[in-house]
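Working notes for the structure below.
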Amino acid sequence: MISDIINTISNIFKLGNITNIKSGDSKLQEIQVKSLRGLEDTKKMGVFGFNSKPPLNSRAIVLNVSDEKITFLTEHKESIKDISFGNVIIYNQAGDTIKIENGVITITASTKLVVNAPLSEFNGNITATGDIVSQKGTNNISLSSHIHIKSGGANTQPPTPTPWKIKIMV
């Protein structure tokens with residue numbers, strides 16, 4: 001009787017490694033997890049608003065609920081550990097991160113950061129260490145190398161290169 005209870009409890013939670021992930025017909029990802037008891041097909045559940053496809057060989061905790069196996073926690077050995085108490089980091093396998101720490105939000109992208117919005121608004125100063133280029137229409141206008149045409153037809157000199165500080169006042 002006690003062994004049955006222990007067996008039942010040990011079947012509620014399982015720790016394993018993810019061996020395969022597929023989209024399947026359901027709205028949840030189907031994940032295959034290898035635990036001490038063999039391969040098990042599970043469905044991945046997470047927190048609303050966040051979704052991920054963990055790398056293969058990530059660790060997973062599987063919960064058995066009413067004969068349904070749910071993977072609800074995953075962690076990879078390459079997860080970022082450099083974070084202080086009370087702060088948040090979102091990351092992917094490529095090393096791209098969004099770090100929220102002590103009043104500062106730092107976005108690190110390995111190739112490009114894209115903001116898709118019909119209007120972007122910044123309250124405060126903006127500092128850029130690289131060039132700022134406007135691509136409105138067919139004219140690419142660089143803030144660090146643009147010229148103006150003076151009255152009379154002569155061109156102005158390009159700006160002196162310095163880190164740009166754009167002040168936006170509302």
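The values are calculated or read from the model by the stated rules, or taken from the named source; none is laboratory data. The shown structure was predicted, so the numbers you read here are calculated from the model rather than taken from an experiment. Because the Cβ atoms are built from the backbone with ideal geometry, glycine has one as well, and the counts that use them run over all protein chains shown. Accessible surface areas use protein heavy atoms only, side chains included; no ligands, DNA or RNA. Shrake-Rupley method; radii C 1.70, N 1.55, O 1.52, S 1.80 Å.
The set of residues in segment 30-40 being open to solvent by less than 40 Å² (accessible area, probe 1.4 Å) and modelled with pLDDT under 85 consists of I31, S35, G38, E40. Residue count for segment 1-21 under the criterion of being at pLDDT 80 or above and either open to solvent by less than 50 Å² (accessible area, probe 1.4 Å) or in a strand (DSSP E or B) (or both): the result is 9. Among the residues making up segment 67-110, those that are under 12 Å from the mean Cα position of the chain (by Cα), over 15 Å from P55 (Cα atoms) and of a type outside the set (V, I, T) are K99, A109, S110. Apart from one condition, S110 fits all of (1) among the polar types (S, T, N, Q); (2) at pLDDT 70 or above; (3) open to solvent by 100 Å² or more (accessible area, probe 1.4 Å); the exception is (3). Put simply, of K43, K69, K53 the only residue that is charged (D, E, K, R), surrounded by 10 or more Cβ atoms within 10 Å (Cβ to Cβ) and in contact with a Leu (Cβ under 6 Å, 6 or more places away or on another chain) is K43.
Residues in segment 84-107 that are open to solvent by 70 Å² or more (accessible area, probe 1.4 Å) and on the phi > 0 side of the Ramachandran plot: G86, N102, G103.
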